Amino acid sequence: MMLAGIILMQVLSALFFIGDVIADIRDGEYLDNVHLGLEAFASVALIAGVLFLMLELRRLLTRMGDMDAGLKIARGQMVEVMNRFFDEWNLTQAERDVALMILKGLDNESIAQVRNTAAGTVRAQATSIYSKSDAQGRSQFVSLFVEELMSGDFSSDATDECP
Amino acid sequence: MSAPSDPSVSHTGARIREVPVWDPLVRLIHWSLALTILLNGAITEEESKMHEWVGYVALGLVGVRLLWALIGPPQARFSAFPPSPTQALRHLRSVLSGDRAVHLSHNPLGALMVYNLWLTVIALGVTGYMMTTIRFFGIEWVEDAHELAFNWLLLSIVLHIAGVAFDSWRTGISLVRSIINGRKRLPQGTKIE
């Protein structure tokens, strides 16, 4: 947004100088006039700056898009890992949903609100999830996945990139 | 974190994807242009220096947008929304038959409106500039053309806003939000064209 704002301000400045140059020429001054020459030079410089900044902004936007795509791939892999674990533990569909929300950091009450069920139901489901996954509780359950991420063995290139 | 405000889950439980559609420059130009039109249409005095300058700024904004449509990112380019009456007609037919597909750039009807608005602003700017020149000063057809272009612009803006309201209602995705923060919130399973 910042860069876009600067581009527009530069465009307006360029416009002002160009307008002034045109007005001067209309009034019958000539390019050998130092003032007019400087103004013309400033206009050209501003326009060059605008073009450069526009290309820069495009590069930035593309790079942000690329990073977003990379993030999505990583996220997709995380989802794969989670699904593999959920399958292994034979979680029911409801338990999968609850487990996902636990991993996202929601507490039981919030999960109950999202799922339109009683807090007791969610608590029972959470207990069942912990026992199926051999975790002592919420924090240990979450750390199962964190550990998986840090061990780096869920994807072959992740190990390569580890120092 | 509290559940109801979790951005990735809507109140119906459907997954929502935030897709970037308008880059900052496009948004800034949109609102700046709207501001210049408001200024010159309602606030600045006709034949004042201010009116002239605001008009040149509007021309400059359209100019930058056209340049951006040549060298900008894919969604901002002409190729993302080619002016095609046949596509617009086809789009109109599918909308009338209840199609709810979402377009990430302008929809074909919206694209025509965009070109119309740009051309109208350019026409206003050019006829406005002509009035300041000695050659065309006080010539009636130039003034009439300026007046006509302005009326056409007003009509176009009304249609533009109506189109935005209609499309937001049709797809359930707020277009106004996307021209402010640049993103569209698409529930999972939304048909995209």
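Going through A:GLU39, A:GLU56, A:GLU95 one at a time, which residue ends up being under 21 Å from the mean Cα position of the chain (by Cα) and in contact (Cβ under 8 Å) with a residue 12 or more places away in the chain?
Working: A:GLU39 fails: under 21 Å from the mean Cα position of the chain (by Cα); A:GLU95 fails: under 21 Å from the mean Cα position of the chain (by Cα).
It is A:GLU56.
One line per residue, one yes/no per condition, for (1) modelled with pLDDT of 90 or more; (2) surrounded by fewer than 16 Cβ atoms within 10 Å (Cβ to Cβ); (3) farther than 24 Å from B:LYS184 by Cα; (4) charged (D, E, K, R):
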{"position": "B:HIS106", "(1), (2), (3), (4)": "no, no, no, no"}
{"position": "B:ILE122", "(1), (2), (3), (4)": "yes, no, yes, no"}
{"position": "B:THR132", "(1), (2), (3), (4)": "no, yes, yes, no"}
{"position": "B:ARG135", "(1), (2), (3), (4)": "no, yes, yes, yes"}
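Just checking, does the stretch B:10-19 include any residue being at pLDDT 80 or above and assigned to a helix (DSSP H, G or I)?
Within the stretch B:10-19, not a single residue is at pLDDT 80 or above and assigned to a helix (DSSP H, G or I).
Could you please give the count of residues in the stretch B:36-84 that are within 18 Å of B:VAL21 (Cα to Cα), within 11 Å of chain A (Cβ to nearest Cβ) and of a type in the set (Phe, Trp, Tyr)?
Going through the stretch B:36-84 one residue at a time, the tally reaches 1.
Condition check: surrounded by 12 or more Cβ atoms within 10 Å (Cβ to Cβ) and either over 30 Å from A:VAL11 (Cα atoms) or assigned by TED's automatic domain parsing to the domain that holds A:PHE17 (or both). Does A:ALA69 satisfy that? Show your work before the answer.
Values: surrounded by 12 or more Cβ atoms within 10 Å (Cβ to Cβ): no; either over 30 Å from A:VAL11 (Cα atoms) or assigned by TED's automatic domain parsing to the domain that holds A:PHE17 (or both): yes.
Criteria not met by A:ALA69.
Does the stretch B:135-154 contain at least one residue that is within 13 Å of the chain's Cα centre (by Cα) and within 26 Å of B:LEU61 (Cα to Cα)? Break it down stepwise before answering.
At the first step, the residues of the stretch B:135-154 found to be within 13 Å of the chain's Cα centre (by Cα) are B:153.
Filter again for within 26 Å of B:LEU61 (Cα to Cα), leaving B:153.
Scanning the stretch B:135-154 turns up at least one residue that is within 13 Å of the chain's Cα centre (by Cα) and within 26 Å of B:LEU61 (Cα to Cα).
If I filter the stretch A:1-28 down to residues being part of a helix (DSSP H, G or I) and not hydrophobic (A, V, I, L, M, F, W, C), which single residue comes out as nearest to B:GLY182 (Cα to Cα)?
Within the stretch A:1-28, the subset part of a helix (DSSP H, G or I) is A:2-26.
Checking the rest, the ones that are also not hydrophobic (A, V, I, L, M, F, W, C) come to A:5, A:10, A:13, A:19-20, A:24, A:26.
Numbers: A:GLY5: 15, A:GLN10: 22, A:SER13: 26, A:GLY19: 32, A:ASP20: 35, A:ASP24: 41, A:ARG26: 42 Å.
Among residues in the stretch A:1-28 that are part of a helix (DSSP H, G or I) and not hydrophobic (A, V, I, L, M, F, W, C), the one nearest to B:GLY182 (Cα to Cα) is A:GLY5.
Among the residues of the stretch A:109-122, are any over 24 Å from the mean Cα position of the chain (by Cα), of a type in the set (A, V, I, L, M, F, W, C), closer than 18 Å to A:MET78 by Cα and at pLDDT 90 or above? Spell out how you get there, then give the answer.
Step one: filter the stretch A:109-122 for residues over 24 Å from the mean Cα position of the chain (by Cα), giving A:109-122.
Checking the rest, the ones that are also of a type in the set (A, V, I, L, M, F, W, C) come to A:111-112, A:114, A:118-119, A:122.
From what is left, the residues that are closer than 18 Å to A:MET78 by Cα are none.
Looking through the stretch A:109-122, none of the residues is over 24 Å from the mean Cα position of the chain (by Cα), of a type in the set (A, V, I, L, M, F, W, C), closer than 18 Å to A:MET78 by Cα and at pLDDT 90 or above.
Among the candidates B:THR36, B:THR44, which residue alone is modelled with pLDDT under 90 and either among the hydrophobic types (A, V, I, L, M, F, W, C) or surrounded by 15 or more Cβ atoms within 10 Å (Cβ to Cβ) (or both)?
Numbers: B:THR36 fails: modelled with pLDDT under 90.
Of the residues listed, the single one that is modelled with pLDDT under 90 and either among the hydrophobic types (A, V, I, L, M, F, W, C) or surrounded by 15 or more Cβ atoms within 10 Å (Cβ to Cβ) (or both) is B:THR44.
Count, please, the residues in the stretch A:72-91 that happen to be surrounded by 14 or more Cβ atoms within 10 Å (Cβ to Cβ) and over 27 Å from B:VAL19 (Cβ atoms).
To start, the set of residues in the stretch A:72-91 that are surrounded by 14 or more Cβ atoms within 10 Å (Cβ to Cβ) comprises A:77-78, A:81-82, A:85-86, A:89, A:91.
This time we only want the ones that are over 27 Å from B:VAL19 (Cβ atoms), so: A:85-86, A:89, A:91.
Number of matching residues: 4.
Out of the residues in the stretch B:72-98 that are touching a residue at least 40 places away in the same chain (Cβ under 8 Å) and outside any helix (DSSP H, G or I), which is nearest to B:VAL57 (Cα to Cα)?
Step one: list which residues in the stretch B:72-98 are touching a residue at least 40 places away in the same chain (Cβ under 8 Å), which gives B:72-73, B:75-76, B:95.
The next check asks that each one be outside any helix (DSSP H, G or I); those that pass are B:72-73.
Numbers: B:GLY72: 20, B:PRO73: 23 Å.
Across the stretch B:72-98, the extreme among qualifying residues is B:GLY72.
If you go through the stretch A:87-125 one residue at a time, how many are farther than 20 Å from A:GLU147 by Cα, more than 14 Å from chain B (Cβ to nearest Cβ) and part of a helix (DSSP H, G or I)?
6
Give all pairs with beta carbons closer than 6 Å in which a residue from the stretch A:105-133 that is exposed (fewer than 15 other Cβ atoms within 10 Å of the Cβ) meets a residue that is not in a helix (DSSP H, G or I); count only pairs at least 6 apart in sequence or on separate chains.
Cβ pairs passing all conditions: A:GLY105/B:MET1.
Looking at the stretch B:151-177, which of its residues are in a helix (DSSP H, G or I), farther than 20 Å from B:TRP118 by Cα and among the small types (Gly, Ala, Ser)? Spell out how you get there, then give the answer.
Filtering the stretch B:151-177 down to residues in a helix (DSSP H, G or I) leaves B:151-171, B:175-177.
Now drop any that are not farther than 20 Å from B:TRP118 by Cα, which leaves B:165-171, B:177.
Within the stretch B:151-177, B:ALA165, B:SER168 qualify.
The values are calculated or read from the model by the stated rules, or taken from the named source; none is laboratory data. Keep in mind that what you see is a predicted model, and the values were worked out from it rather than measured. Positions of Cβ are generated from backbone atoms using ideal geometry, with glycine treated the same way; all protein chains shown enter the neighbour counts.
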